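Report on one structure; see the data block that follows.
The values are calculated or read from the model by the stated rules, or taken from the named source; none is laboratory data. Because the structure is predicted, anything quoted here is derived from the model rather than measured. Cβ: placed from backbone, ideal geometry, glycine included. Neighbour counts: every protein chain shown. Note: areas computed on protein heavy atoms with side chains; ligands, DNA, RNA excluded. Shrake-Rupley method; radii C 1.70, N 1.55, O 1.52, S 1.80 Å.
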Amino acid sequence: MQMQPLFGVEEKNILLEYLNENPFFTEYKKTEEFEKLIANYVGAKHCIVVSNGTVSLTLAAMALGISYGDEVIVPNYTMIASPNSLKFLGANPIFVDVEPDTLCLDLNQIERHLTPKTKAIMLVSANGRYPKSGINKFEDFCIKNNLLLIEDAAQSLGSFYPDGRHIGTAGLIGSFSFSTPKIISTGQGGALVTNNDEIAKNIRKLKDFGRSKGGNDIHDVIGFNFKFTDLQACIGIAQMKKLPERAQRKKILFEKYKNELKNVDGISLFNHDLQNTSPWFIDCLAENRNALIQFLTDHQIGSRIMYPPINKQLAYLYPGNFPVSDLIGEKGLWLPSAVQLTDHDVKRVCSVIRKFYSSL
Ligand SMILES: Cc1ncc(COP(=O)(O)O)c(C=O)c1O
């Protein structure tokens, strides 16, 4: 099966048409159209697109009133943008380990990290997965402990909870990223979704210098410029049409890898609920990881080490015991995962992996 290129004729056509039309360049009608497409797809009342999936998290926290000295529970396994987005506000990420099979926050470990300063949980749906304990338990836990729930769903467009809600729509605010290589990309870009009118209004204001109304220069709060552009929105609109096909293809790729590698000692793929969720990357634990990476490179196959535990990053150096994120830091590997991979490509990658482990 041959997939379309990431950016193809659809993106070129819509951009050319737009440039011929009297373009506005910064965010306007095309941005509104892109926002509507996302809101409809995920089933949220509001979608606000912003410059990227890091400032979207900062904006989410700002819109919820999180500020200097507040504490937010964040997984110790995630992309560094999740905690950094809070540091931007002077808030403190409190790291908690993840579940070994879903790589999402382990709810059982959160309670003992709560203090009077804890304001929120930032739940990251790692690689499109949801926590094993179930999203309802997270929602209940937040209500019981008076915590706000922010969903960092940067890796999860195209993935749903088993109850049918799109990942990112269970929290007060959900955040997505469109940086390359996300399932859809506008080069850079992010989106926030919410069902709360007040929060949506607040986010729109904060991303536009705190203007009390679009286009004026009256400011009742301090805001920033986290806006989008209509040029990116043109690409996003074309990309959204490809989303269902890509989500489906990612599931098929994952299944193929799983099948091809099921009897290989030394490599184990994490599980995925393929009925509801679509993997972003093919993630696994690999024995002799560095030697495997070199062997793959020698065969012109790219791979990538999964995120190291955040508490061990020099930027954080945070105390604590995090066995699951440590294990990912030691053995976690992303295999080639692009939607354009053919079935033949997957077979080839897996045969090189088999060759590597049989030679040990
Ligand atoms: C979980 C997570 N959060 C946030 C981000 C940041 O998004 P962006 O690169 O659009 O700033 C990423 C990017 O990969 C991510 O994976």
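When the helix-only estimate is applied to the chain (DSSP H runs of n ≥ 4, each -39,500 (n - 2.57), divided by the residue count), what is the mean residue ellipticity at 222 nm, nearest 500 deg cm²/dmol? Don't skip to the end; give the middle numbers.
Numbers: 10 runs with 129 residues, N = 360.
It comes out at -11500 deg cm²/dmol, rounded to the nearest 500.
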In nm, to one decimal, how far is the N22 label point from the L327 one, both placed 7 Å along Cα→Cβ? 6.1 nm
Restricting attention to the stretch 112-203, which trypsin sites (Lys or Arg not before Pro) occupy a DSSP loop and are surrounded by at most 12 other Cβ atoms within 10 Å? K117
The stretch 109-173 - convex hull of the alpha-carbon atoms, volume per residue in Å³: 84 Å³
Computed about the Cα centre, the charge dipole of the stretch 213-303 from +1 Lys/Arg and -1 Asp/Glu charges at the Cβ has a magnitude in debye, to the nearest 20, of 340 debye
Using the Kirkwood radius built from alpha carbon pairs, what does the Stokes-Einstein equation give as D for the stretch 241-359 at 10 °C and 1.306 mPa s, in µm² per second? 104 µm²/s
Please label the shape of the stretch 1-57 as rounded, prolate or oblate, based on the square roots a ≥ b ≥ c of the eigenvalues of the alpha-carbon gyration tensor (a/c under 1.5 means rounded; beyond that, a/b larger than b/c means prolate, else oblate). oblate
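May I ask you to derive the relative contact order of the chain, considering only C-alpha pairs under 8 Å and at least 6 residues apart, and to give it as an integer percent?
20 percent
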Rounded if a/c under 1.5, otherwise prolate or oblate - the chain, Cα gyration tensor axes: oblate
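Which FRET efficiency, nearest 0.05, do S351 and K45 yield, Cβ-Cβ r, R0 45 Å?
Working: r = 48 Å, r/R0 = 1.07.
With a Förster radius of 45 Å, E is 0.40.
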Between Y68 and D140, what is the label-point separation in nm under the 7 Å Cα-to-beta-carbon projection? 3.9 nm
Counting sequence-distant residues (5 or more places) and residues on other chains, those with an amide H built under 5 Å from that of T229 are none
By the Cα gyration tensor axes a ≥ b ≥ c (a/c under 1.5 gives rounded; else a/b larger than b/c gives prolate, otherwise oblate), the shape of the stretch 143-194 is oblate
Relative contact order as a percentage, the stretch 61-156, C-alpha pairs under 8 Å and 6+ apart, gives 29 percent
In the chain, which helices (entire DSSP H runs) extend 18 Å or more along their own long axis, judged by Cα positions, while averaging at least -1.0 on the Kyte-Doolittle scale? 29-42, 230-261, 343-358
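Considering Cα pairs under 8 angstrom that are at least six residues apart, work out the relative contact order of the stretch 156-285 and quote it in whole percent.
Computed over the stretch 156-285, the figure is 23 percent.
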What nm distance separates the two modelled labels at N271 and D101, each placed 7 Å from Cα along Cα→Cβ? 0.3 nm
Round to a whole number: what % of the accessible area of the stretch 18-106 belongs to carbon and sulfur, probe 1.4 Å? 54 percent
